[in-house]
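Reviewing the structure listed below.
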Amino acid sequence: MVQQQKKKGGLRGQFAKGVSGAFGLKLSLTGFAFVIGIFLARLLGVEGYGIYSYCTAWIALLQVPVELGSRIILAREVAAYESQQQWGFLKGLLTWMNRSILLASVGLTLLVAVGVWAVRGDLNDPAVLTFLVALCGLPFFALNAARQGTMQGLRAITLGLMPESLIQPIVLIASVSVAYFFLREDLSVVLVMVFSSCAVALSI
């Protein structure tokens, strides 16, 4: 009885710690998003920042189907396998889910890229080129969702949110700042999108 109460108390403390950590990281992500928005708007101007925002919004929309519900599925199944110490099943699940997400996201990326090229195949158009570069980051966004679901299932919510909340924005701000130092007015929205996609890739 005493051991059960201690176990419940430990789980409650772990849950409270995870929730508070996740809340803090969400706040930092909101702050970074605000800073990045102002930062890029000043560097890229109205037109450039409009293109950047439009492309990132499309990637967020396309991310939904290629995630394959991995956040919810992995959070539930990983927790179940971990509690039963079924490490073989856990490894198989993660391998299958990551492979499925990769195939789905790469397939959709190629399909959309071909469609955009067929409709507006002008690489001299900054909007078209920026969108094609943003598409390259779609598989990494989807794999990030799977990673977050896995970490949530392992009750490491704070650690799972850290790459998205800290690594991505810091890498983006740092890389764009260095590029602007050397390029000044020649910094383009296409290059900024390259840095954005790379920041997502590095955070997996």
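Look at region 123-165 and say how many of its residues are over 24 Å from Val189 (Cβ atoms) and open to solvent by 60 Å² or more (accessible area, probe 1.4 Å).
Result for region 123-165: 5.
Just to verify a result, which residue in region 39-55, among those that are touching a Gly at 6+ places or on another chain (Cβ under 9 Å) and touching a residue at least 40 places away in the same chain (Cβ under 8 Å), is most open to solvent (accessible area, probe 1.4 Å)? Walk me through it before giving the result.
At the first step, the residues of region 39-55 found to be touching a Gly at 6+ places or on another chain (Cβ under 9 Å) are 40-41, 44, 49, 53.
If we keep only those that are touching a residue at least 40 places away in the same chain (Cβ under 8 Å) as well, we get 40, 44, 49.
On the way: Leu40: 1, Leu44: 30, Tyr49: 71 Å².
So the residue we want is Tyr49.
Any residue in region 163-187 that's at pLDDT below 85: show its pairings with residues that are open to solvent by less than 20 Å² (accessible area, probe 1.4 Å) and in a helix (DSSP H, G or I) at Cβ separation under 6 Å, as long as the two are six or more apart or on different chains.
Correct list of pairs: Ser165/Leu25.
Scan (1) open to solvent by 50 Å² or more (accessible area, probe 1.4 Å); (2) assigned to a helix (DSSP H, G or I) for the single condition Gln85 breaks and write down its number.
Every condition holds for Gln85 apart from (2).
For every residue, the table says whether it meets (1) of a type in the set (D, E, K, R); (2) touching a Ser or Thr at 6+ places or on another chain (Cβ under 8 Å); (3) buried (at least 19 other Cβ atoms within 10 Å of the Cβ); (4) over 16 Å from Gln152 (Cβ atoms).
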{"position": "Ser70", "(1), (2), (3), (4)": "no, no, yes, no"}
{"position": "Ala79", "(1), (2), (3), (4)": "no, no, no, no"}
{"position": "Met97", "(1), (2), (3), (4)": "no, yes, yes, no"}
{"position": "Ser105", "(1), (2), (3), (4)": "no, no, yes, yes"}
{"position": "Leu110", "(1), (2), (3), (4)": "no, no, no, yes"}
{"position": "Gly115", "(1), (2), (3), (4)": "no, no, no, yes"}
{"position": "Ala118", "(1), (2), (3), (4)": "no, no, no, yes"}
{"position": "Gly121", "(1), (2), (3), (4)": "no, no, no, yes"}
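State yes or no: is Leu172 open to solvent by 20 Å² or more (accessible area, probe 1.4 Å), part of a helix (DSSP H, G or I) and of a type outside the set (Val, Ile, Thr)? Steps first, please.
On the way: open to solvent by 20 Å² or more (accessible area, probe 1.4 Å): no; part of a helix (DSSP H, G or I): yes; of a type outside the set (Val, Ile, Thr): yes.
Here the answer is no, as Leu172 does not meet what is asked.
The values are calculated or read from the model by the stated rules, or taken from the named source; none is laboratory data. All values reported here derive from a predicted model rather than from experimental measurement. Cβ sites come from the backbone with ideal geometry, for glycine too, and all protein chains shown count toward neighbours. Just so you know, the surface numbers come from the protein's heavy atoms only, side chains and all, with ligands and any DNA or RNA stripped out. Shrake-Rupley method; radii C 1.70, N 1.55, O 1.52, S 1.80 Å.
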